[in-house]
1. In the Gaussian network model of the chain, springs joining C-alpha atoms below 10 Å, which of Arg71, Arg20, Arg84 carries the largest mean-square fluctuation?
2. Considering only Asp40, Asp25, Asp80, give the residue with the highest GNM mean-square fluctuation for the chain, with springs between Cα atoms whenever their separation is below 10 Å.
3. Taking the Cα centre of the chain as the origin, how large is its charge dipole in debye, to the nearest 20, when only Lys and Arg (+1) and Asp and Glu (-1) carry charge on their Cβ atoms?
4. Take the alpha-carbon centre of the stretch 37-82, take the same for the stretch 10-31, and report the distance between them in whole Å.
5. Given Cα positions, please report Rg to Rh for the chain, the hydrodynamic radius being the Kirkwood one.
6. Build a GNM of the chain with springs between Cα atoms under 10 Å: which of Glu21, Glu78, Glu61 gets the top mean-square fluctuation?
7. With angles folded into 0 to 90 degrees, how steeply does helix 43-54 sit against the dominant principal axis of the chain? Use alpha carbons for both and round to 10.
8. Roughly how tilted is helix 60-77, in degrees to the nearest 10 and between 0 and 90, from the longest Cα axis of the chain?
Amino acid sequence: MSFVGDEIIKQWIRKVEATRELERDPRFGKPLEIGDGYLDTPEELRMAYKMLKDAGYVPAEVELLKTLVARKAALEAERDPAGRAHVLREVAELQAKIAMMLEGLARKT
């Protein structure tokens, strides 16, 4: 049983092979660099995350981690007790969100 998408992919592969388009890529013929957490990502999410990464986007978990680092730096710089309390709450909320997201990913593996 063949899907329409399979035929489109086969046509694209034949076209790329004929034009030798992929050979112009500087990574052509070199081993894949997958030391970026690829194997740690649940299998069903790998392709989607790879596509997002190649398009310049990162998963929500990564964005939250970046935000957490920034808020921790803000906490260190904050001298006002009320301001520190506010930033501390933000940090705690981010940590809880990240923990829940990572726990959900871990359950899928």
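1. Evaluated over the chain, the most mobile residue of the options is Arg20.
2. Maximum among the listed residues: Asp25.
3. On the way: 19 positive and 20 negative charges, 21 e Å.
So the magnitude is around 100 debye.
4. 32
5. Working: Rg = 21.2 Å, Rh = 17.9 Å.
Taking Rg over the Kirkwood Rh, I get 1.18.
6. Maximum among the listed residues: Glu21.
7. Helix 43-54 and the main axis of the chain meet at about 90 degrees.
8. 30
We did not get these values from a lab; they are worked out from the coordinates using the rules stated. Source: prediction; values computed, not measured. Methodologically, a virtual Cβ is constructed for each residue, glycine included, from the backbone with ideal geometry; neighbour enumeration extends over all protein chains shown.
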